[in-house]
Amino acid sequence: MRMRPTLSWTPAEDLPPGTTDPEPVADALSTRGVLVLSGAGISTESGIPDYRGEGGSLSRHTPMTYQDFTAHAHARRRYWARSHLGWRTFGRARPNAGHRAVAAFGRHGLLSGVITQNVDGLHQAAGSEDVVELHGTLARVVCLSCGAFSPRGELAQRLEEANPGFAPVAAGINPDGDADLTDEQVGDFRVVPCTVCGGILKPDVVFFGEAVPQQRVEHCRELVRAATSLLVLGSSLTVMSGLRFVRQAAQAGKPVLIVNRDPTRGDQHALTRVSLPLGRALTTVADRLGMPVDS
């Protein structure tokens with residue numbers, strides 16, 4: 001299944017409004033075995049914008065596609081200039097109350113796993129273990145020729161050395177770590193090659209137009225099969241890479257609960273839809289379950 005940059009969809013009109021009471025989420029967690037599926041909305045309180053919410057980045061920015069990145073040197077130059085600048089901010093982001101609450105649920109044995117569509121690593125930074133990064137991670141770089149992996153911090157240092165004084169002011173930072181820059185600001189930014197074979201470097205993330213690795217998809221499907229319920233946190237479920245797991249759970253008769261401030265593409269499958277900010281909702285749930293959330 002290849003991801004496509006879906007810009008919009010039409011919400012179902014015959015569904016009742018979402019509730020502002022997270023008690024059903026607390027009830028589901030108390031039964032244990034809950035699988036979490038998180039999206040960009042859980043990281044907005046860490047300063048990382050989402051794609052489609054109010055002020056979402058898709059209103060001003062179309063993500064890089066795999067086809068453009070691999071086919072055109074100028075597209076790679078533009079991507080790495082923007083991503084290098086964005087990494088300076090993105091790499092400093094810290095987990096918020098929502099991430100810390102999910103980690104607390106895991107420590108208390110309430111979760112069967114966490115699948116995240118995010119590439120920011122904030123679930124792990126908050127203490128969650130065995131997180132499946134559905135779309136990969138910005139913290140690692142892969143060579144498209146030899147397959148060698150390297151840390152993003154190492155690449156950042158190499159790009160700093162190749163582009164001394166590169167410090168344009170970005171119009172914004174996007175959920176994929178990309179900064180909004182004009183072509184004039186990108187200028188003659190220098191891209192560096194793989195240190196092993198000289199090949200093209202790419203962040204170890206799934207670009208739009210690229211397929212999520214099948215082994216990863218099957219692992220997620222198995223997690224859905226083993227779960228008692230599916231809890232969606234901060235995802236519009238617009239792209240099929242996440243929506244398919246909601247459909248799988250619903251078809252298997254497993255409760256689907258969604259916490260998201262805006263309507264989602266999976267709302268018709270949800271037993272409960274909670275319309276609250278993630279940090280507030282999950283902290284309330286943790287309090288009701290009697291478990292502290294680390295500060």
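The values are calculated or read from the model by the stated rules, or taken from the named source; none is laboratory data. Please read these numbers as outputs of a predicted model, since none were measured by experiment. Here the Cβ positions follow ideal geometry from the backbone for every residue, glycine too, while neighbour counts run over all protein chains shown. What goes into the accessible areas is simple: the full protein's heavy atoms, side chains included, and nothing from ligands, DNA or RNA. Shrake-Rupley method; radii C 1.70, N 1.55, O 1.52, S 1.80 Å.
The table below gives the values:
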{"read-out": "The range 101-129 residues that are under 18 Å from residue 286 (Cβ atoms), paired with ones that are part of a strand (DSSP E or B) and open to solvent by 30 Å² or more (accessible area, probe 1.4 Å) (beta carbon under 8 Å, 6 or more apart)", "value": "102/111; 105/111"}
{"read-out": "Test: residue 188 is under 24 Å from residue 122 (Cβ atoms) and either modelled with pLDDT under 90 or over 21 Å from the mean Cα position of the chain (by Cα) (or both)", "value": "no"}
{"read-out": "Pair list, Cβ < 7 Å and 6+ apart or interchain, from the range 174-199 residues that are in a loop (DSSP other than H, G, I, E, B) to residues that are hydroxyl-bearing (Ser, Thr, Tyr) and surrounded by 18 or more Cβ atoms within 10 Å (Cβ to Cβ)", "value": "174/57; 175/51; 175/57; 177/83; 178/83"}
{"read-out": "From 223, 159, residue being open to solvent by less than 70 Å² (accessible area, probe 1.4 Å) and in contact with a His (Cβ under 9 Å, 6 or more places away or on another chain)", "value": "159"}
{"read-out": "Residue within the range 156-167 that is touching a Leu at 6+ places or on another chain (Cβ under 7 Å), under 30 Å from residue 45 (Cβ atoms) and aliphatic (A, V, I, L, M) present", "value": "no"}
{"read-out": "Matching residues, the range 162-199, being small (Gly, Ala, Ser), over 11 Å from residue 84 (Cα atoms) and open to solvent by less than 70 Å² (accessible area, probe 1.4 Å)", "value": "162, 170, 172, 187, 198, 199"}
{"read-out": "Count - residues of the range 108-123 that are outside any strand (DSSP E or B) and out of contact with any Ser or Thr (no Cβ under 9 Å at 6 or more places or on another chain)", "value": "2"}
{"read-out": "Cross-chain or 6+ apart pairs with Cβ under 6 Å, the range 73-93 first and free of Cβ contacts under 8 Å to residues at least 12 places away in the same chain, then part of a helix (DSSP H, G or I)", "value": "75/68; 75/69"}
{"read-out": "Inter-residue pairs, beta-carbon under 6 Å, first small (Gly, Ala, Ser) and in the range 20-31, second surrounded by 13 or more Cβ atoms within 10 Å (Cβ to Cβ), 6+ apart", "value": "26/285; 26/288; 26/289; 28/34; 28/229; 28/257"}
{"read-out": "So residue 294, is it under 13 Å from residue 41 (Cβ atoms) and modelled with pLDDT under 95", "value": "no"}
{"read-out": "Residue 93 vs. criteria part of a helix (DSSP H, G or I) and among the small types (Gly, Ala, Ser)", "value": "no"}
{"read-out": "Residue within the range 241-252 that is at pLDDT below 95, surrounded by fewer than 23 Cβ atoms within 10 Å (Cβ to Cβ) and in contact with a helix residue (DSSP H, G or I) (Cβ under 9 Å, 6 or more places away or on another chain) present", "value": "yes"}
{"read-out": "Residues being of a type in the set (Gly, Ala, Ser), open to solvent by less than 30 Å² (accessible area, probe 1.4 Å) and outside any strand (DSSP E or B) - total across the range 124-147", "value": "2"}
{"read-out": "Criterion: more than 21 Å from the chain's Cα centre (by Cα) and small (Gly, Ala, Ser) - qualifying residue of 172, 153, 199, 136", "value": "199"}
{"read-out": "Qualifying position, being at pLDDT below 85, farther than 13 Å from residue 173 by Cα and among the β-branched types (Val, Ile, Thr), among 6, 31, 70", "value": "6"}
{"read-out": "Residues satisfying the stated conditions in the range 256-270, i.e. in a loop (DSSP other than H, G, I, E, B) and under 11 Å from residue 232 (Cβ atoms)", "value": "260, 264, 265, 266, 270"}
{"read-out": "Hits in the range 268-280 (condition: out of contact with any helix residue (DSSP H, G or I) (no Cβ under 7 Å at 6 or more places or on another chain), modelled with pLDDT of 95 or more and open to solvent by less than 20 Å² (accessible area, probe 1.4 Å))", "value": "none"}
